[in-house]
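Only one structure is covered here, and it is reproduced in the block below.
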Amino acid sequence: MKYEKTFSIGDKLTVNRLGYGAMRITGKGIWGPPENKAEAIKVLKRAVELGVTFIDTADSYGPYVSEELIAEALHPYPKNLVIATKGGFIRTGPNQWHINSAPAHLKEALEGSLKRLKLDAIDLYQLHRIDPKVPAEETFTFLQKAQKEGKIKHIGLSEVSVDDIKKAEKFFKVVSVQNMYSIDNRKWEGVLEYCRSHNMGFIPWYPLGGGDPSKLEKLNKIAKQHNATVHQLALSWLLHHSNNMLLIPGTSKVSHLEENMKAATIELTESDMRELEDVGAVKA
């Protein structure tokens, strides 16, 4: 089965669908600097060498560390490289995440991201979470204003429902959605379908969600037929499953990056896809 190798975000930014997620180039618990900064820099440079044109990050990764390393490794950026970042979390320690999508915080986060990434405008700025403590209209109004001011080119959302997307679209065009999704966790299938029908990019995170032995056994069997790992197969399935899917597997090691990128060379058959369909029944 063939699949589209590229996708155009907002009909403007054409990227290779197998990208890179820059969360793991930070310290343990996504906190502080990486154990091996030189390796993190190599990973970023190698990703671009291997054809990555879409890098996903956030101000909260580190915090700030991921964005700073991206700029150190890759600025001035190749013309075709799209860097997406996010705002909406405050960090207080390793593995500690606190939602804050108040306009005042997002203003500080956005301006910080622009400075750290050495950009005049963010290609794709994603709201990391809708904040239950802040009226969504206030958050959306801030993003609308930042876009009109030219600080943001395109806007995406993360961990949202179809209703959330529709509410946001009263303020700006939503070009992408980043929700947890994998071959074995398809809770957000309805959101994926909505995005596909409206030509929005869908960015799955945690691309191999669970560890169900019976599911892994089936995955392993098909992976062996393609001389691939289960993780490579899971990435390949995402590429084949929907042409609006943008993949952002993350790693802090060059060897693992190279292994992930080989997923783009796997060609699953229609028979493979049928067999894999029942691996991830939609969870209510």
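The values are calculated or read from the model by the stated rules, or taken from the named source; none is laboratory data. This one's a predicted model, so the numbers in the text were calculated from it and none came from an experiment. Here the Cβ is made from the backbone with ideal geometry for all residues, glycine too, and neighbour counts use every protein chain on show.
Out of Lys148, Lys167, I need the residue that is surrounded by 15 or more Cβ atoms within 10 Å (Cβ to Cβ), over 30 Å from Ala40 (Cα atoms) and basic (Lys, Arg). Which one?
That would be Lys167, the only listed residue that is surrounded by 15 or more Cβ atoms within 10 Å (Cβ to Cβ), over 30 Å from Ala40 (Cα atoms) and basic (Lys, Arg).
For a quick check of your reading: which helices (runs of 4 or more DSSP H) sit entirely within the stretch 110-212 and have at least 3 residues that are modelled with pLDDT of 95 or more and within 30 Å of Glu277 (Cβ to Cβ)?
Hits in the stretch 110-212: 162-168, 189-197.
Tyr61: over 23 Å from Ala146 (Cβ atoms), within 16 Å of the chain's Cα centre (by Cα), at pLDDT 95 or above and not hydrophobic (A, V, I, L, M, F, W, C), yes or no?
No, not satisfied.
Across the stretch 97-116, what is the number of residues that are over 24 Å from Pro135 (Cβ atoms) and touching a residue at least 24 places away in the same chain (Cβ under 8 Å)?
Number satisfying all stated conditions: 2.
If you take the residues of the stretch 138-176 that are without any contact (Cβ under 8 Å) to a residue 60 or more places away in the chain and of a type in the set (Gly, Ala, Ser), which of them is farthest from Glu193 (Cα to Cα)?
Gly150
How many of the residues making up the stretch 222-280 are without any contact (Cβ under 8 Å) to a residue 24 or more places away in the chain, charged (D, E, K, R) and not in a loop (DSSP other than H, G, I, E, B)?
Going through the stretch 222-280 one residue at a time, the tally reaches 3.
Looking at (1) within 18 Å of Leu110 (Cα to Cα); (2) polar (S, T, N, Q); (3) crowded, with 19+ Cβ neighbours inside 10 Å; (4) without any contact (Cβ under 8 Å) to a residue 40 or more places away in the chain, which is the one condition that is false for Asn179?
Here Asn179 clears every test but (1).
Considering only residues of the stretch 103-129 that are touching a Phe, Trp or Tyr at 6+ places or on another chain (Cβ under 9 Å) and within 21 Å of Ser161 (Cβ to Cβ), which is surrounded by the fewest Cβ atoms within 10 Å (Cβ to Cβ)?
Filtering first and then ranking leaves Arg129.
Could you say which residue among Lys45, Lys5, Lys28 is loosely packed, with under 14 Cβ neighbours inside 10 Å and either among the hydroxyl-bearing types (Ser, Thr, Tyr) or under 30 Å from Glu270 (Cβ atoms) (or both)?
Being loosely packed, with under 14 Cβ neighbours inside 10 Å and either among the hydroxyl-bearing types (Ser, Thr, Tyr) or under 30 Å from Glu270 (Cβ atoms) (or both) holds for just one of Lys45, Lys5, Lys28, which is Lys5.
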